[in-house]
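Encoded as structure tokens, the structure appears first; notes follow it.
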Amino acid sequence: MLKGLGGLGDMAKMMKAAQEMQTKMSDMQESLSTITVVGESGAGLVRATATAKGVLTGLDIDPSIFNPDEKEVVEDLILAAIKDAQAKAQERSESEMSRLTEELGLPKDMNLPF
């Protein structure tokens, strides 16, 4: 005969917690699309804006660097600004993920999503 729910009550709690975690993960992924970071190079002469997901959304270049004789320098500055923005996006994404795992009571070194 069945004596109460036994382990089924714990299973229901685990399922609810998993669903809650999935909702929070989805919300966080959505928020990463709205968080912006700015990478720069050349002491701010070139600035690249990206979402925390790493999608480049803007590029601002100071006109003073447009010298045809220094084309390679300009290209290097642009690439450096983009790489800086991407690195900052990755850091921000990891920071948001760490915050979420902490809120959920999971170990800090747990890699989400699974």
Positive-end extreme of charge dipole, the chain - chosen from Ala50, Met14, Val37 (charges on Cβ)
Met14
Magnitude of the Cβ-charge dipole (Lys and Arg +1, Asp and Glu -1) of the chain about the Cα centre, nearest 20 debye, reported as 880 debye
Determine the sum of side-chain charges near Asp84: Lys and Arg each +1, Asp and Glu each -1, restricted to other residues whose C-beta is under 10 angstrom from that of Asp84.
+2
Express in nm, to one decimal, how much length is gained between Thr34 and Val73 on full extension, taking 0.36 nm for each residue of separation and deducting their alpha carbon distance.
10.9 nm
State, to one decimal in nm, how far the label point of Phe66 lies from the label point of Lys16, with both points 7 Å from Cα in the Cβ direction.
6.2 nm
Around Thr34, with a cut-off of 12 angstrom between Cβ atoms, what is the net charge of the other residues, counting Lys and Arg +1 and Asp and Glu -1?
-1
Along Cα→Cβ, 7 Å out, is where each label goes; now give me the distance between the ones at Ala80 and Leu56 in nm to one decimal.
1.6 nm
Can you compute the helix-only [θ] at 222 nm over the chain? Use -39500 (n - 2.57) per DSSP H run of at least 4 residues, normalise by all residues, nearest 500 deg cm²/dmol.
-18500 deg cm²/dmol
For the range 14-104, count the residues as N, evaluate 2.2 N^0.38 Å, and divide the Cα radius of gyration by that value, please.
1.45
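Here, each number is a calculation from the coordinates, and none is a lab measurement. Computed from a predicted model, the values in this text were never measured in an experiment. We place every Cβ from the backbone using ideal geometry, glycine too, and count neighbours over all the protein chains shown.
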